[in-house]
């Protein structure tokens, strides 16, 4: 930090760190049927949401995100789950969830918890990091339908794998690209906006685009449970 601020000058880097996440091979393009899918939800037929982390289908999920989501694929760190959505024996969508950011002003104000309660209970919040309807799939109301299904499904899957439930969901929406219509249609509410400074900010000035913060309680006593500070 002092070097970046010009207060001191560090010697040149002698060796580049062999960070396995930096050197990770990018997912290869998926070889799947891209025939257009259209019609109504009813015409689409049965829809199956499958949790694929640590399964043989995880590479397919990674590839679809890498090559069809505008942000590409990034390897999550910490608790996270990945879902492939299937219909007509084909993948039609992907959703990724991870541990929530530790500090998020509008979210923290909405919950009304103390810093001690936040440190204790942040694990009970899941963050929707990626949501992709594959570009050849055009089915009205599919996105909000999947978000509704996820709200009923995610906590039990999280508890099965990580031994604790989820009480609240959150996500960021870039208003320069999206309106967040599908989230609002699935009863998510706008909590506020980010500051645009990021978690490693040292300048107190915006250095990235400002996002809308949306959230959804998935337990009727979410505030009471998240506000518990413990002993």
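A few remarks follow.
- Top of 76, 27, 46 by mean-square fluctuation, Gaussian network on the chain, Cα under 10 Å: 46
- With each label modelled as a point 7 angstrom along the Cα→C-beta vector, the residue 86-residue 119 pair spans 4.4 nm.
- Using a Förster distance of 30 Å, the FRET efficiency for residue 48-residue 79 (Cβ separation, nearest 0.05): 0.80
- Of all the options 136, 86, 188, the one that moves most in a Gaussian network model of the chain with Cα springs shorter than 10 angstrom is 136.
- Extension gain from residue 187 to residue 70, taking 0.36 nm per residue of separation minus the Cα-Cα distance: 39.6 nm
Read-outs: derived from the displayed coordinates by stated rules, not from any lab. Please read all numbers here as calculations on a predicted model, not as lab measurements. No Cβ is skipped: glycine too gets one built from the backbone with ideal geometry, and neighbour counts run over all protein chains shown.
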